[in-house]
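Undergrad: Here it is, the structure, as structure tokens.
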Amino acid sequence: MNLKDSTEKPLDGVKIEFWSNAELLGEFTTVKKGGYTYNLPFRKSYTVKFIADQYVTKIIEVGIDKFYDEADKRGLKMQIDVALFKDSGFMGLDFMREVPVAKAEYIPRKKTLVWDDKYRKNIQARMVSVLKAYGY
């Protein structure tokens, strides 16, 4: 969104929570340059929450439950970059604590993660309308 208060710099100390079916599977706090690595079981869908003081929480959903081939279980490396922006107290953005800003699904025949661009655009439009309403 290119907000003037978004950070393009890696953040240390971002808490990342990994959820599946309302169960917290684990959490991790980013270190050196915002990097993190976390191993999750296959054939599940996950909700990943990015939480940092003074920043708006962001949530993504990742479905990696469609693995047809045992070879796929060797590992799927995902690099997910999430831009956080400062929480300026806009009440209209509270929905972001509960609603994912992005959704992705693993497509076995392509052996890749595909992001739902239509969903992302709808969420982005919602965020923009809230920010415009507050004169941002």
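Undergrad: If I go through region 1-46 residue by residue, how many of them are at pLDDT 80 or above and not in a loop (DSSP other than H, G, I, E, B)?
TA: 15
Undergrad: Exactly one of (1) closer than 20 Å to F50 by Cβ; (2) of a type outside the set (V, I, T); (3) loosely packed, with under 13 Cβ neighbours inside 10 Å; (4) modelled with pLDDT of 85 or more is unmet by S129. Its number?
TA: Only one criterion is unmet by S129, namely (1).
Undergrad: Would you point out the residue of region 93-136, among those that are touching a residue at least 24 places away in the same chain (Cβ under 8 Å) and assigned to a loop (DSSP other than H, G, I, E, B), that is nearest to D81 (Cα to Cα)?
TA: V101
The values are calculated or read from the model by the stated rules, or taken from the named source; none is laboratory data. Quantities reported herein were computed from a predicted structural model and do not represent experimental measurements. Cβ sites come from the backbone with ideal geometry, for glycine too, and all protein chains shown count toward neighbours.
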